[in-house]
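The values are calculated or read from the model by the stated rules, or taken from the named source; none is laboratory data. None of these values were measured; they are calculated from a predicted model. Backbone-built Cβ (ideal geometry, glycine too); neighbour counts: all protein chains shown.
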């Protein structure tokens, strides 16, 4: 129990580091995570947010191999993710979705006021077109994992928030899968209220905490 609590606390602090450690490239306008923030997160998590995946690499590798997907090698990894990032930024511009580059990984932060009605795991109709476009890009760039994290604010019981976060993550995964993204590439996890990126004492902060995140990680040849 103590280990679990320590992990939750560490993840929460690291989520805050991700938020506060973002800087804007003055030439491109893209948001990236500063090297200092990446270093701090790496030390705290031992690589959890910087490449590890839900369910463990062995489990995911078995699914990827079974689906017949290949891996990326060398410098091709960066170029592959560059192109995927470019398309995702184009498709999500002006939608309220935040795309952040984290090394060779991409993180899409989707606030619940954009994606879901209050206290619901049903994707809002007006967001489905955008999510469909995201799915189209993800299906084209099939040499990547997609981990889907559900989060809530602290309003309500721990049990309810945990369930809601899991259902929202599953809703996004199901929509992506039904839109052409191979299920073997998708994993979900709900974190309930355990990973706030803002204070739950204000409505603005609670709104920021109610979110679903997609972490897109390249499949490397050495992973297979």
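Taking the condition of being at pLDDT 95 or above and farther than 21 Å from residue 206 by Cα, how many residues in the stretch 105-130 meet it?
2
Quick one: residue 223 ticks every box in (1) within 13 Å of the chain's Cα centre (by Cα); (2) closer than 17 Å to residue 69 by Cβ bar one, so which box is it?
Status for residue 223: all satisfied but (1).
Can you pull out the residues in the stretch 73-92 that are farther than 26 Å from residue 190 by Cα and either modelled with pLDDT of 90 or more or touching a strand residue (DSSP E or B) at 6+ places or on another chain (Cβ under 8 Å) (or both)?
Listed by number, the residues that qualify are 73, 76, 77, 78, 79, 80, 82, 83, 86, 87, 90.
I need a count of the residues in the stretch 70-98 that are surrounded by 14 or more Cβ atoms within 10 Å (Cβ to Cβ) and closer than 23 Å to residue 172 by Cα.
Summing the residues that are surrounded by 14 or more Cβ atoms within 10 Å (Cβ to Cβ) and closer than 23 Å to residue 172 by Cα in the stretch 70-98 gives 11.
Would the stretch 109-118 turn up any residue that is without any contact (Cβ under 8 Å) to a residue 40 or more places away in the chain, over 30 Å from residue 71 (Cα atoms) and either loosely packed, with under 15 Cβ neighbours inside 10 Å or in contact with a strand residue (DSSP E or B) (Cβ under 6 Å, 6 or more places away or on another chain) (or both)?
Scanning the stretch 109-118, I find at least one residue that is without any contact (Cβ under 8 Å) to a residue 40 or more places away in the chain, over 30 Å from residue 71 (Cα atoms) and either loosely packed, with under 15 Cβ neighbours inside 10 Å or in contact with a strand residue (DSSP E or B) (Cβ under 6 Å, 6 or more places away or on another chain) (or both), so the answer is yes.
Would it be correct to say that residue 135 is under 16 Å from the mean Cα position of the chain (by Cα), over 18 Å from residue 111 (Cβ atoms) and assigned to a helix (DSSP H, G or I)?
Here the answer is yes, as residue 135 does meet what is asked.
Contact list please: Cβ distance under 8 Å, first residue in the stretch 158-172 and within 16 Å of residue 187 (Cα to Cα), second residue in a helix (DSSP H, G or I), pairs at least six apart or on different chains.
Close Cβ pairs satisfying both conditions: 168/112; 168/115; 172/115; 172/131.
Can you tell me which of 145, 160 is over 16 Å from residue 114 (Cα atoms) and touching a helix residue (DSSP H, G or I) at 6+ places or on another chain (Cβ under 8 Å)?
Exactly one of 145, 160 is over 16 Å from residue 114 (Cα atoms) and touching a helix residue (DSSP H, G or I) at 6+ places or on another chain (Cβ under 8 Å), namely 145.
I need the full set of residues from the stretch 169-224 which are in a helix (DSSP H, G or I), under 17 Å from residue 109 (Cβ atoms) and at pLDDT below 95, in order please.
204, 205, 206, 207, 208, 209
Surrounded by 21 or more Cβ atoms within 10 Å (Cβ to Cβ), at negative phi and assigned to a strand (DSSP E or B) - does that describe any residue in the stretch 155-163?
no
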